[in-house]
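> I am attaching a structure below and will ask some questions about it afterwards.
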Amino acid sequence: MQELDEYLKKYNLRELFLKDYFLAKQNPRTYKEFTDNIDLNFVKENKIIIPELNLTPDSSMFLEEDIFNNEELNIHVIKHDRYTPVFNHKHSFFEILYIYSGHCIQNIMGDKITLNEGDLCILSPEAEHSVEVFDDSIVINILVRKSTFDSIFLEILDDENILSSFFTKILYTKNYNNYIIFRTNNSTTVRMSIKHIFIESLERRKYSNKMLNYVLLILFANLLRGEKNTVELPTELRKSNQNLSDILIYIQNNYKTVTLEELSNKFNFTVSHLSRLIKLHTGHNFRKMIQTIKLNKAIKLLVSTDLKICEINKRIGYENTTHFIRTFKKQYGVSPNQYRQNFVNKTN
């Protein structure tokens, strides 16, 4: 891992060129000298972008085929070139931007955001944005095919995690600016996942593609369950629903006993307004949400333990075993015991 730190800190040829250009711009005389002697062949060969010199890509939309020229490549990881001039652009793929050290400024469709060390931003396809890094800060870009991101992220959603369901509404609808920021408090688990992804992408050993998918799944899981994480949402969403992610986290952590009345008192909403808020932004009403969480907890216990049904019933917060069995059967078409037996038959 020490080698990775040294690799990331070292300036590559593009960065050295861009830093020289940035410093030359500070003085009209040095700027003219630099532009008069610029090596256009070097610029073109290295695909360096300098909008003020009309050195720009053919389009501000970067397509998957521009990045993932290898059909087996689903995840591409790069270090953002420091001192790259600011320019607005879009992608047809997902981008995960992680601040490895220092800070950067990102402008996403008018939202100007400062990201600090340990912060992570997920950008949806077609979200117009720009990035500013004009010092020694290190920013890592993880580019993910839309189909790959969908399948990995939706695997997290198999648990009906209400917080991830909420994020999905943001990432996959046009209601917002289509980004999520995790202030991870410099989480060591998140940082290690990022390092593993970068190294795996760099080395490209046998089964790298599968490894990258698995580590990205672990990264998502750590982000969603990180108790110390602070989540920031698009500006227009924050204005009207500042506490919503906190509310959803509270429900997830207290699903056995939480009530709408308790939530409304804790977060200073009326019961009716809170109920509408949850339904609007997650697609679930409160009662259905609690039921889904409990039943998914039950499934995990059914397939991973030998606990009796009455014990599982107690652990997930149902007071009446008959009611639990009836609810489970209505949802899945089989009783809890039948579900467990079907799982055993499949795995044998």
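> Within the range 300-323, is even one residue more than 30 Å from residue 244 (Cα to Cα), in contact with a Pro (Cβ under 8 Å, 6 or more places away or on another chain) and open to solvent by 30 Å² or more (accessible area, probe 1.4 Å)?
No, because not a single residue in the range 300-323 is more than 30 Å from residue 244 (Cα to Cα), in contact with a Pro (Cβ under 8 Å, 6 or more places away or on another chain) and open to solvent by 30 Å² or more (accessible area, probe 1.4 Å).
> A further question follows. Going residue by residue through the range 72-85, is there one that turns out to be closer than 29 Å to residue 153 by Cα, open to solvent by 40 Å² or more (accessible area, probe 1.4 Å) and part of a loop (DSSP other than H, G, I, E, B)?
Yes: one or more hits.
> What are the pairs with Cβ atoms under 7 angstrom where one residue, in the range 279-297, is farther than 14 Å from residue 260 by Cβ and aliphatic (A, V, I, L, M) and the other, located anywhere, is open to solvent by less than 70 Å² (accessible area, probe 1.4 Å) and modelled with pLDDT of 85 or more? Sequence gap at least six, or different chains.
Sorted first by the residue in the range 279-297, then by its partner, the pairs are 293/255; 295/328.
> Quick one: is residue 345 under 16 Å from residue 246 (Cα atoms) and open to solvent by 80 Å² or more (accessible area, probe 1.4 Å)?
no
Listed here are the residues, each with its yes/no results for (1) charged (D, E, K, R); (2) at pLDDT below 90.
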{"site": "13", "(1), (2)": "no, no"}
{"site": "44", "(1), (2)": "yes, yes"}
{"site": "54", "(1), (2)": "no, yes"}
{"site": "61", "(1), (2)": "no, yes"}
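For (1) surrounded by 17 or more Cβ atoms within 10 Å (Cβ to Cβ); (2) under 20 Å from residue 202 (Cβ atoms), each residue gets a yes or a no:
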| residue | (1), (2) |
| --- | --- |
| 17 | yes, no |
| 28 | no, no |
| 55 | no, no |
| 65 | no, no |
| 97 | yes, yes |
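> Still on this model: Please give the helices (runs of 4 or more DSSP H) falling wholly within the range 235-348 in which 3 or more residues are modelled with pLDDT of 90 or more and among the polar types (S, T, N, Q).
321-332
> Determine, yes or no, whether residue 88 is open to solvent by 40 Å² or more (accessible area, probe 1.4 Å) and at pLDDT below 90.
no
> Quick test of your reading of the structure: residue 117 fulfils all but one of (1) over 27 Å from the mean Cα position of the chain (by Cα); (2) open to solvent by 50 Å² or more (accessible area, probe 1.4 Å). Name the failing condition by number.
Failing condition for residue 117: (1).
Every residue, every condition in (1) closer than 23 Å to residue 6 by Cβ; (2) free of Cβ contacts under 8 Å to residues at least 12 places away in the same chain; (3) buried (at least 20 other Cβ atoms within 10 Å of the Cβ), yes or no:
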| site | (1), (2), (3) |
| --- | --- |
| 170 | no, no, no |
| 180 | no, no, yes |
| 186 | yes, no, no |
| 191 | yes, no, no |
| 195 | yes, no, no |
| 201 | yes, no, yes |
| 206 | no, yes, no |
| 223 | no, no, yes |
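The values are calculated or read from the model by the stated rules, or taken from the named source; none is laboratory data. Being a predicted model, the structure only gives us computed values, none of them experimental. Cβ: placed from backbone, ideal geometry, glycine included. Neighbour counts: every protein chain shown. The accessibility values were calculated without ligands, DNA or RNA, using every heavy atom of the protein model including side chains. Shrake-Rupley method; radii C 1.70, N 1.55, O 1.52, S 1.80 Å.
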